[in-house]
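To start, the structure itself, in structure tokens.
The values are calculated or read from the model by the stated rules, or taken from the named source; none is laboratory data. Just so it is clear, the model here is predicted, and its values are computed rather than measured. Note that we place each Cβ from the backbone using ideal geometry, even for glycine, and neighbour counts take in every protein chain shown. For the accessible areas, the whole protein counts, side chains as well, though only heavy atoms, and no ligand, DNA or RNA atoms are used. Shrake-Rupley method; radii C 1.70, N 1.55, O 1.52, S 1.80 Å.
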Amino acid sequence: DDGNHAIAFFNALGGGKQTIGANESLQVSFTLTFSANVALNPNSSTGMRMGLYDSNLASIPPANTPTTSSAVFQNYDGYLFSWNAAPPSGNNNLTLRYRVPGSTASTALMSTFGPTYSTTDVSSGSQPALFVFQNAVDYRVTYKISRQNTLLPNTLSFSFSVTGGSIPAGSPFGLTSTVAAPTTYEFNAFAIYALGGAYDFAMDDVLITHTAVPEPSTYAACAGAAVLGLAFWRRRRAAAKAAAA
């Protein structure tokens, strides 16, 4: 529903931090369906928001319980993507933002933006082509954070993409950005939010994965093995032809 945060922690105890180590990635993917109001709110430039966070040992709300404490999220550290699902023109204003924790941060997790509330724009990629999302269509959303220790030892790479519906295959809806020297490599929560009155939406089939990312040298080794295999197959084929002759 719109106007509320939906947040999931990686385990019921609030621990379970996922540390993105060298050559590892953390990914969240889910099905997103708008049920109403997309076309009625074309000017909500940051209406949809979703992020990965580190609670920094701050209080974790009980499951399935509305949060009323004014400071429960203040120390949460993390990165979120915001975007407009139905802009009238221009682009969707897809943006990667860093949420700075601390006493001056917004008491809400991601309902207020701007330097006053310690939220910083850290996007570095190019905007996708304008796309207007539709009601009653299933879109697949993927948000991924990666770290490659060899090439960029102190950098996190962020990617966001949406597929499905009438999004052109040759012009995907997404953004990639990098952040050097991030304040955290640990995450233990995922959250999604829509501005109040902006969009009604539903989520399904949520999948969170933490996997290893092969280094370039590994790819090279795999390619070398493939070449050796092809040479061996050619040799056997030539020998078989000679025997037949």
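Annotations
- Leading residue by the ranking (surrounded by the most Cβ atoms within 10 Å (Cβ to Cβ)) among those in the range 7-40 that are aliphatic (A, V, I, L, M), at pLDDT below 85 and over 24 Å from Thr183 (Cα atoms): Val38
- Condition met for Ser118 (modelled with pLDDT of 80 or more and of a type in the set (S, T, N, Q)): no
- Ser45 open to solvent by 50 Å² or more (accessible area, probe 1.4 Å), within 24 Å of Ser126 (Cα to Cα), modelled with pLDDT under 80 and among the hydroxyl-bearing types (Ser, Thr, Tyr): yes
- Looking only at residues of the range 87-99 that are free of Cβ contacts under 8 Å to residues at least 60 places away in the same chain and outside any strand (DSSP E or B), we find that the one that is surrounded by the fewest Cβ atoms within 10 Å (Cβ to Cβ) is Ser89.
- Residues located in the range 159-173, provided they are open to solvent by 20 Å² or more (accessible area, probe 1.4 Å) and modelled with pLDDT of 90 or more: Ser159, Ser161, Thr163, Gly164, Gly165, Ser166, Ile167
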